[in-house]
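S.K.: This is the structure, below, for whatever I ask next.
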Amino acid sequence: MAHFDVYISGEGLAEIDGHTLVPAPGQSVHEVVLDRLHGHAEERAGAVVATVYDSPGAARFVLEVLPDGSSRVLEPEQEPSPEPEPELTAPPAAVPVATVVVPVSAADTASAVATAVARARATAAARAEVPDPAAVAAPAPATGLPADIAERIGRINGLAADGRLDEAFADATALRESLTGSMGAEHPHAVEARAVEAYLAHLRGDHREAIVLALAVARIRCRARDGRAPAEVARAAAAWQQLDDDRAVVAHGRELLHMWDTLDRHGLLPPGYAALVGQVRRQVDALEAYV
């Protein structure tokens, strides 16, 4: 799997493996990075991974981008485990063995506790204040689908209604992969299948998968200036609210905010979304200082 190092400066520029990227007017630096990584994934017909250093001094995170344009934040990179030290034989009796205690200052302890408490409060407060969006409801059935696709989606919905969520999700994934392979990831039929797949991931409690799928649908709708884009972004926000990894919350939260800003600039964001946007922005701003 190809790996890239991405550095994002405080001036809104990015660098991927030594190549500078400058966002086009109206494009965020995170969007231009995703577009370039998506291009690398398409060229290789496989997933690519990037270690992203988001502004000097900020913590890094690892991003995986697939050829269909979807992306997800992976677990933080693990430092290599130190080699075990060889066992030592007992020292001669004449040599005393001292116990060394390394002092930890009260200031260090207080700082760590304060950071953890502040982060927890920011997350809990934002989640408590943001109502569960109505967008958690199932995506509205699309009209004009070919009979065979409509039949498969109807069968998937039937499985979900019976509580057979794993089967429904597996069928939705198979349908989305089939349509993406034959029509392309941004074809309306493939997008509809991905929206159903995202909703089922949400129902199964697989929130990491749900946010990746829902963001991909929202991204496509936003690019197309589709009137359904605000609802798709809100669905993604519903999955985002369930994430428990701070790096993923910040990274995906930034993308949600960028899409809402884009919709607002084009007059496509209904007034009723202002409270949700404000709370997401506050949570991301609060957590950025700690990740």
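S.K.: In the range 171-225, which residues are more than 24 Å from Leu74 (Cα to Cα) and basic (Lys, Arg)?
M.R.: Arg221, Arg223, Arg225
S.K.: Now, a different point. Among the listed residues Arg247, Arg152, Arg176, identify the single one that is under 17 Å from the mean Cα position of the chain (by Cα), of a type outside the set (Gly, Ala, Ser) and part of a helix (DSSP H, G or I).
M.R.: Selected residue: Arg247, the only one of Arg247, Arg152, Arg176 that is under 17 Å from the mean Cα position of the chain (by Cα), of a type outside the set (Gly, Ala, Ser) and part of a helix (DSSP H, G or I).
S.K.: In this structure, does Thr173 turn out to be of a type in the set (S, T, N, Q) and within 25 Å of Val249 (Cα to Cα)?
M.R.: yes
S.K.: Quick check on Gln279: is it touching an Asp or Glu at 6+ places or on another chain (Cβ under 6 Å) and modelled with pLDDT of 85 or more?
M.R.: Criteria met by Gln279.
S.K.: Which residue out of Ala214, Ala160 is under 30 Å from Gln279 (Cβ atoms), open to solvent by less than 40 Å² (accessible area, probe 1.4 Å) and more than 22 Å from the chain's Cα centre (by Cα)?
M.R.: Matching residue, one of Ala214, Ala160: Ala160.
S.K.: So Gly205 ticks every box in (1) exposed (fewer than 15 other Cβ atoms within 10 Å of the Cβ); (2) over 17 Å from the mean Cα position of the chain (by Cα) but one. Which box is left unticked?
M.R.: (2)
S.K.: Working carefully through the options Ala274, Ala231, find the one that is assigned to a helix (DSSP H, G or I) and surrounded by 19 or more Cβ atoms within 10 Å (Cβ to Cβ).
M.R.: Among Ala274, Ala231, only Ala231 is assigned to a helix (DSSP H, G or I) and surrounded by 19 or more Cβ atoms within 10 Å (Cβ to Cβ).
S.K.: Please find, among Arg281, Arg219, Arg254, Arg208, the residue that is touching a helix residue (DSSP H, G or I) at 6+ places or on another chain (Cβ under 9 Å), without any contact (Cβ under 8 Å) to a residue 60 or more places away in the chain and among the basic types (Lys, Arg).
M.R.: Arg281 is the lone residue from the list that is touching a helix residue (DSSP H, G or I) at 6+ places or on another chain (Cβ under 9 Å), without any contact (Cβ under 8 Å) to a residue 60 or more places away in the chain and among the basic types (Lys, Arg).
S.K.: Could you look through the range 163-195, keep only residues that are hydroxyl-bearing (Ser, Thr, Tyr) and free of Cβ contacts under 8 Å to residues at least 40 places away in the same chain, and pick out the one that is surrounded by the fewest Cβ atoms within 10 Å (Cβ to Cβ)?
M.R.: Ser182
S.K.: Limited to the range 37-63, what total is found for residues that are open to solvent by less than 30 Å² (accessible area, probe 1.4 Å), modelled with pLDDT of 85 or more and not β-branched (Val, Ile, Thr)?
M.R.: Total meeting the criteria: 6.
The values are calculated or read from the model by the stated rules, or taken from the named source; none is laboratory data. What you see is a predicted model, and the numbers here were worked out from it, not measured in a lab. Note: ideal-geometry Cβ built from the backbone for every residue, glycine included; neighbour counts use all protein chains shown. The accessibility values were calculated without ligands, DNA or RNA, using every heavy atom of the protein model including side chains. Shrake-Rupley method; radii C 1.70, N 1.55, O 1.52, S 1.80 Å.
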